[in-house]
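Novice: Mind having a look at this structure? Questions to follow.
The values are calculated or read from the model by the stated rules, or taken from the named source; none is laboratory data. Since we're looking at a predicted model, the values are computed, not measured. For neighbour counting, all protein chains shown are included, and Cβ atoms are generated from backbone atoms with ideal geometry for every residue, glycine included.
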Amino acid sequence: MMREFWHYFRNGLLGENPVLKLMIGLCSVLAVSVRVENCLGMGAAVIFVLTCSSLVISLIRNFVPNEVRIPIFIVVISTFTTIVDLVMKAYLPPLSKAMGIFIPLIVVNCIIMARAEAFASRKPPLLAVADALGMGVGYTLVITAIGIVRELFGYGEILSHPVFPRAYQGMMAMILPPGAFLLIGISIALLNWSLRKVKS
Amino acid sequence: MNTGFLTLFKIIISAAFVDNIILARYIGLCPYIGMSSSVANSIGMGMAVTFVMVLASIVTWVLWNFIFVPLGLEYLRIMVFILVIATLVQLVEILLKKNVPNLYRAMGIYLPLITTNCAILAVTFLGVDYGYTLLQVVVYSISVALGFTVALVLLAGIRERLRLARVPQFWQGYPIVFVATCLLAIAFLGFKGLVK
């Protein structure tokens with residue numbers, strides 16, 4: 001059981017990384033990754049919603065009629081999203097403001113729906129949690145990596161601490177949308193390249 | 001009257017071009033990447049999104065202003081809006097299938113995909129957040145959908161050409177699509193500053 005747990009956990013990190021391999025949940029990755037701080041907040045929010053909803057969906061999987069499963073999944077997911085939204089608004093108002101509409105949009109983050117449909121609704125709770133944690137951490141790793149590059153070159157800072165000398169002007173392109181699109185393209189190409197390298 | 005018209009015009013330009021929902025706000029990327037393999041598909045998807053987006057904005061606006069705000073139920077927003085959209089999509093699908101089979105054939109297969117399209121949900125949230133009137137919400141959602149369709153069709157055109165191009169091995173597939181998107185986004189940056 002423990003071995004299976006790790007197998008599914010690792011699966012989400014690299015081999016089936018939700019963002020780079022499955023191409024889902026992209027919107028928030030690009031929108032939030034301007035600052036590393038936002039990336040960590042978003043990652044935590046997604047891990048929470050993904051794990052809790054996977055657990056609940058896996059627990060109720062035998063009672064849910066097949067025809068109405070999608071609305072039921074949506075209700076479960078949106079409950080946890082509402083919890084995250086309200087908690088962040090209450091305790092971390094600056095972070096909540098920085099991420100804006102992307103917190104409520106977690107509810108339509110395709111990663112969560114896709115994992116609920118493809119995995120959690122078919123597997124026992126422990127494995128569903130393993131898969132959710134793996135996918136969530138895989139998502140957080142990618143978003144943070146992109147966030148580090150964008151904040152470093154865009155502002156010359158990491159977690160709002162200056163890294164480059166004061167004279168550094170900051171690359172506007174990294175903060176603006178084009179830089180984000182280019183970076184995600186480069187990271188997918190890099191992942192393809194490294195996976196091919198590992199295989200051969 | 002005159003200033004009202006000007007506001008509407010501003011909403012159209014900023015929603016469709018300056019704040020293009022995909023290229024400037026990064027919302028709705030999944031269908032953008034997934035449905036842009038051919039121009040015909042992208043037009044069908046654009047139509048379906050426009051249709052549902054306008055309907056959803058109207059319904060959620062009415063619910064929000066006449067039920068949720070008076071009763072102080074704002075915290076239920078996420079759950080109710082997503083359920084409204086899911087129900088609406090089902091309803092539209094059934095009605096179209098029965099009454100307008102031609103239109104259903106053109107955009108029917110795209111409808112189920114729209115339920116979890118973040119662009120629709122985002123527009124319903126934003127329309128409420130901006131405090132628009134009903135007319136403004138209608139105009140806003142139409143222009144956002146227009147911007148979405150323009151970006152989608154543009155990318156589909158590029159991807160049809162890309163099929164003939166010789167792309168380096170590791171850039172084939174999604175990476176080159178993102179590079180193309182990057183160039184499109186740079187072009188759309190040109191609209192910045194058009195509306196204050």
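Novice: When B:Ala56 is evaluated against the numbered criteria (1) under 18 Å from B:Ala145 (Cβ atoms); (2) away from chain A (no Cβ under 13 Å); (3) not hydroxyl-bearing (Ser, Thr, Tyr), which criterion, by number, is the only one it fails?
Specialist: Only one criterion is unmet by B:Ala56, namely (2).
Novice: Here's something else I'd like to know. Suppose the filter is modelled with pLDDT of 85 or more and surrounded by 18 or more Cβ atoms within 10 Å (Cβ to Cβ); does B:Val54 pass it? Please lay out each step first, then the result.
Specialist: On the way: modelled with pLDDT of 85 or more: yes; surrounded by 18 or more Cβ atoms within 10 Å (Cβ to Cβ): yes.
It is true that B:Val54 is modelled with pLDDT of 85 or more and surrounded by 18 or more Cβ atoms within 10 Å (Cβ to Cβ).
Novice: Of the numbered conditions (1) under 13 Å from the mean Cα position of the chain (by Cα); (2) more than 19 Å from B:Ile22 (Cβ to Cβ); (3) of a type outside the set (Val, Ile, Thr), B:Ser141 fails exactly one; give the number of that condition.
Specialist: So B:Ser141 meets the others, but not (2).
Novice: I would also like to ask the following. A:Leu183 fails exactly one of the following numbered conditions: (1) out of contact with any Ser or Thr (no Cβ under 9 Å at 6 or more places or on another chain); (2) within 12 Å of another protein chain (Cβ to nearest Cβ); (3) over 17 Å from A:Ala44 (Cα atoms). What is the number of that condition?
Specialist: (1)
Novice: For segment B:141-149, does any single residue satisfy the condition of being out of contact with any Asp or Glu (no Cβ under 8 Å at 6 or more places or on another chain), aromatic (Phe, Trp, Tyr) and in contact (Cβ under 8 Å) with a residue 40 or more places away in the chain?
Specialist: yes
Novice: If you don't mind, another one. Condition check: of a type in the set (A, V, I, L, M, F, W, C), over 29 Å from B:Ile114 (Cβ atoms), more than 14 Å from chain B (Cβ to nearest Cβ) and part of a helix (DSSP H, G or I). Does A:Leu195 satisfy that?
Specialist: Working: of a type in the set (A, V, I, L, M, F, W, C): yes; over 29 Å from B:Ile114 (Cβ atoms): yes; more than 14 Å from chain B (Cβ to nearest Cβ): no; part of a helix (DSSP H, G or I): yes.
No.
Novice: State all residues of segment A:59-112 that are under 17 Å from the mean Cα position of the chain (by Cα), within 13 Å of chain B (Cβ to nearest Cβ) and closer than 16 Å to A:Leu40 by Cβ; if no residue qualifies, say none.
Specialist: Across segment A:59-112, the qualifying residues are A:Val84, A:Met88, A:Met99, A:Phe102, A:Ile103, A:Ile106.
Novice: Check segment B:140-156 and report whether any residue there is more than 14 Å from every other protein chain (Cβ to nearest Cβ) and under 29 Å from A:Ala116 (Cα atoms).
Specialist: Step one: filter segment B:140-156 for residues more than 14 Å from every other protein chain (Cβ to nearest Cβ), giving B:140-143, B:145-146, B:149-150, B:152-153, B:156.
From what's left, under 29 Å from A:Ala116 (Cα atoms): B:145, B:152.
So far as segment B:140-156 goes, yes, one or more of its residues are more than 14 Å from every other protein chain (Cβ to nearest Cβ) and under 29 Å from A:Ala116 (Cα atoms).
Novice: Would you mind finding the one in A:Val198, A:Val142, A:Val137, A:Val149 that is of a type in the set (A, V, I, L, M, F, W, C), under 24 Å from A:Leu13 (Cβ atoms), surrounded by fewer than 21 Cβ atoms within 10 Å (Cβ to Cβ) and under 12 Å from the mean Cα position of the chain (by Cα)?
Specialist: Sole residue among the options that is of a type in the set (A, V, I, L, M, F, W, C), under 24 Å from A:Leu13 (Cβ atoms), surrounded by fewer than 21 Cβ atoms within 10 Å (Cβ to Cβ) and under 12 Å from the mean Cα position of the chain (by Cα): A:Val137.
Novice: Would you mind telling me which numbered condition in (1) touching a helix residue (DSSP H, G or I) at 6+ places or on another chain (Cβ under 9 Å); (2) loosely packed, with under 12 Cβ neighbours inside 10 Å; (3) within 13 Å of chain B (Cβ to nearest Cβ) A:Pro162 fails?
Specialist: Exception for A:Pro162: condition (3).
Novice: Sticking with this structure for a sec: How many residues are part of a helix (DSSP H, G or I) and exposed (fewer than 15 other Cβ atoms within 10 Å of the Cβ) if we restrict to segment B:128-156?
Specialist: 3
Novice: Here is a follow-up. Please go through segment B:57-88 and give me each residue that is surrounded by fewer than 17 Cβ atoms within 10 Å (Cβ to Cβ) and among the hydroxyl-bearing types (Ser, Thr, Tyr), ordered by number.
Specialist: Passing the criteria: B:Tyr75, B:Thr87.
Novice: Give B:Pro175, B:Pro168 a once-over and let me know the one that is over 19 Å from the mean Cα position of the chain (by Cα), under 26 Å from A:Leu20 (Cα atoms), surrounded by 21 or more Cβ atoms within 10 Å (Cβ to Cβ) and facing another protein chain (nearest Cβ under 9 Å).
Specialist: B:Pro175
Novice: Evaluate segment A:124-132: report whether one residue or more is buried (at least 18 other Cβ atoms within 10 Å of the Cβ) and within 13 Å of another protein chain (Cβ to nearest Cβ).
Specialist: Within segment A:124-132, not a single residue is buried (at least 18 other Cβ atoms within 10 Å of the Cβ) and within 13 Å of another protein chain (Cβ to nearest Cβ).
Novice: Residues that are of a type in the set (Lys, Arg) and in contact (Cβ under 8 Å) with a residue 12 or more places away in the chain: which helices (runs of 4 or more DSSP H) entirely in segment A:7-91 hold 1 or more of them?
Specialist: Correct list: A:69-91.
Novice: Regarding segment A:114-123, can at least one residue be identified that is more than 9 Å from chain B (Cβ to nearest Cβ), within 25 Å of A:Gly185 (Cα to Cα) and buried (at least 24 other Cβ atoms within 10 Å of the Cβ)?
Specialist: Looking for residues that are more than 9 Å from chain B (Cβ to nearest Cβ), within 25 Å of A:Gly185 (Cα to Cα) and buried (at least 24 other Cβ atoms within 10 Å of the Cβ), one finds at least one in segment A:114-123, hence yes.
For every residue, the table says whether it meets (1) more than 14 Å from chain A (Cβ to nearest Cβ); (2) touching a residue at least 60 places away in the same chain (Cβ under 8 Å); (3) part of a helix (DSSP H, G or I).
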| site | (1), (2), (3) |
| --- | --- |
| B:Phe5 | yes, no, yes |
| B:Ile21 | no, yes, no |
| B:Ile27 | no, yes, no |
| B:Pro31 | no, yes, yes |
| B:Val52 | no, yes, yes |
| B:Leu88 | no, no, yes |
| B:Leu91 | no, no, yes |
